[in-house]
Structures are given as structure tokens and as C-alpha cells.
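Written below as C-alpha cells is the structure these notes are about.
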Amino acid sequence: MNCELGLKVNELFDQQLSVWEMARNNFEGLKTVQIREFDFDGFAVKVQFNPARMVSSGAKVDAKTIAERKCFLCAANRPEVQRGIEWRDYDILINPFPIFTRHLTIPRREHVDQRLVPYIADMFDLARELTDFVVFYNGPKCGASAPDHMHFQAGNADFLPLVSDYFNLKQVGRTELVETADTAEIYLMKDYLRVVYCIESADAVALKEAFMKLYNSWVVDADVEPMMNVVCLYREGKWYLFVIPRGAFRPWQYTAEGDKQLLVSPATVEVSGLFITPVKEHFERITKEDVVDILTQCTIK
Ligand SMILES: [Zn+2]
């Protein structure tokens, strides 16, 4: 275990929250955030009312909008107050619009397109060094609000329902070993409202090879990354790489009118069992059936 990076991250939070009022208010706001919970068989899906996330849930990510805006992940356009930790070719930054009580955004230093395969080994190493965190990736067409600038995010590992669901469901036989590749094992979660694979391995090379097997099985056009959200956890000498293939980016409810509208923009966090609703009325109105419907549209059954 390498705690050095974790200590630096703690220092970064202390420093940034002492001087950056907007970020401090948003992190403070999380302490009193409202949560609803819908119970399913053996797991739950949570809904968080988080008005600060309008900036992300409501973001326009079409090519024209992206091309015309200043990229908020490029160092030149970041707020003056923002500081980071240099890690390889990345800057580790606090996310000023948090979902997690510890939430990081980790952009590469150069402005290059969001894609996973060339950088996935960095994700493994980050997860190993940031032991209290999960590191996650939103595909450019399924959740990344900067699809043109490669970045990961990280959040405290105890916060994402997917992680505890996996260990709980595995214990009661609700995971199926679908493939063994070298020293990696690929499991499929069963009866979980959406398809989630978890690759387990203590070896980074085998982990990547197993991931590529899944990835290649979904490739249609070699230049286009299959839509997916990915979560990486390192625990007791082993990686757990969750791969969630995606269906639609946003559900029909996103653009519906009036009392049919639900502003839920599914990214990794949502398909991992935590829906974010920036609009109070939508938070109050969303039902269990809506949760099932949105997951059905936005993932693979
Ligand atoms: Zn950029």
C-alpha cells in the first residue's frame, strides 16, 4: 500500500476547502443532502437531491457546444484558486461540484479526447495508490461532461452502492463466473437490474487482457469506443474492475415536458446505484418504477 498519495490528497482537500468558498459550500452541503432509497431484492438504489450538480446533469455535451466552450479541465481555464497534485501526466484536483464526501477529478495535463484503452493502466495504478477511493471513468458519450479532455474521477469507496452490492451478492451466490483468463476472473452480477461485469485479478496485465476481451466483444467501429462506465477498486492486494456496458446516454424522461420530466443524466454514479437529481421536485416525484425504467433504457439487460 502506498499511503503517500492519500496523505497528499488529504492535504489538498484541507488547503482547497480553506480558500475556495464555492467548493467549501458544496462539500458542506453534502452533509445535509437528502437521500431517498428504493429497495430491490438484495440491494437498493439511492436517489440524492443535489442542486449543485445541475452544472453536470444539465450540461450540454453535443459536439458544437463542446467545440465552442473553453475546456474547464485545461489548466489555463481552471479557477485561479484551484490547485492540484501532479501525478504522472495527470493533475489530481478536488471536484468543486461533489457527489462523494471526498470527490476528485483527475484530468490528463494535455487536452486529448476521452477514451479509456490507452490509459487504463493508469487507472489501475491510481486505484492502487488511492486506497480509500474508487477510480471511475465515464465514456465520452455516456456521462463525461468533458468528452474532449481525458479524465478520471475518484470518490470515497464506501459511498458507491455497487461496491457493497457486489460483495454482498457474491456471498449469496448472486455472481456468476463467466470466464477465466490467465489469472483474471470475470464475474457477472445476477438479477441486478442491469448488466455489470466485475473482473478480479491481482495482476495488472491479466486484468487489462480480460478487460480487452469484454471491450473487443462490444466493438462495432474500431474508431468508436463502446459506451461504458468503469469503476476500479483495489482491495487487499487485488483489483476489482467493474464494467457496465451502456444503452442510451439519457432516458426519454430527461427531455420530457412538465410532470413527465425527470432530470437524471446517467453516468457511472447512477448506473452504480446512486441517482443524482438536481431538481427538488424531480427528487420528490421519482418512483421505483422510474428507477427501473431509466436503468433499463440506459444500460444493457
Ligand atoms: Zn481541455
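Considering 13, 27, 38, which residue is over 27 Å from residue 129 (Cβ atoms), touching a residue at least 12 places away in the same chain (Cβ under 8 Å), surrounded by 15 or more Cβ atoms within 10 Å (Cβ to Cβ) and within 21 Å of the chain's Cα centre (by Cα)? It is 38.
If you go through the stretch 121-146 and pick out every residue that is surrounded by fewer than 20 Cβ atoms within 10 Å (Cβ to Cβ) and within 19 Å of residue 219 (Cβ to Cβ), you end up with 1. Does the stretch 118-127 contain at least one residue that is of a type in the set (Phe, Trp, Tyr), within 16 Å of the ligand (Cβ to nearest atom), assigned to a helix (DSSP H, G or I) and out of contact with any Leu (no Cβ under 6 Å at 6 or more places or on another chain)? Looking through the stretch 118-127, at least one residue is of a type in the set (Phe, Trp, Tyr), within 16 Å of the ligand (Cβ to nearest atom), assigned to a helix (DSSP H, G or I) and out of contact with any Leu (no Cβ under 6 Å at 6 or more places or on another chain). What are the residues in the stretch 259-301 that are more than 21 Å from residue 135 (Cβ to Cβ) and in a loop (DSSP other than H, G, I, E, B), if any? Correct list: 261, 262, 263, 264, 278, 279, 286, 287, 300, 301.
Could you tell me whether the stretch 189-204 includes any residue that is within 28 Å of residue 102 (Cα to Cα) and acidic (Asp, Glu)? Don't jump to the end; show me each part of the working.
Keep residues of the stretch 189-204 that are within 28 Å of residue 102 (Cα to Cα), which gives 189, 192-204.
Subset that is acidic (Asp, Glu): 200, 203.
Yes, the stretch 189-204 contains at least one residue that is within 28 Å of residue 102 (Cα to Cα) and acidic (Asp, Glu).
In the condition set (1) without any contact (Cβ under 8 Å) to a residue 60 or more places away in the chain; (2) away from the ligand (no atom under 16 Å from the Cβ), residue 101 is compliant with all but (1). Scanning the stretch 99-115 for residues that are surrounded by 19 or more Cβ atoms within 10 Å (Cβ to Cβ) and in a loop (DSSP other than H, G, I, E, B) gives 99, 100, 102, 114.
Within the stretch 61-80, the only residue that satisfies the criterion of being surrounded by 10 or more Cβ atoms within 10 Å (Cβ to Cβ) and among the small types (Gly, Ala, Ser) is 75.
Condition (residue is under 17 Å from residue 91 (Cα atoms) and β-branched (Val, Ile, Thr)) applied to the stretch 166-174: is it met by at least one residue? No, every residue in the stretch 166-174 fails to be under 17 Å from residue 91 (Cα atoms) and β-branched (Val, Ile, Thr).
Summed over the stretch 69-98, the residues that are away from the ligand (no atom under 16 Å from the Cβ) and either of a type in the set (S, T, N, Q) or part of a loop (DSSP other than H, G, I, E, B) (or both) give a count of 7.
Looking only at the stretch 141-161, count every residue that is away from the ligand (no atom under 16 Å from the Cβ) and over 15 Å from residue 228 (Cα atoms) and tell me the total. Even if it seems obvious, please write down each step before you answer.
Within the stretch 141-161, the first condition is being away from the ligand (no atom under 16 Å from the Cβ), and the residues that meet it are 141-143, 154-161.
Cutting the leftovers down to over 15 Å from residue 228 (Cα atoms) gives us 154-161.
So the answer is 8.
Read-outs: derived from the displayed coordinates by stated rules, not from any lab. Computed from a predicted structure; not experimentally measured. Here the Cβ is made from the backbone with ideal geometry for all residues, glycine too, and neighbour counts use every protein chain on show.
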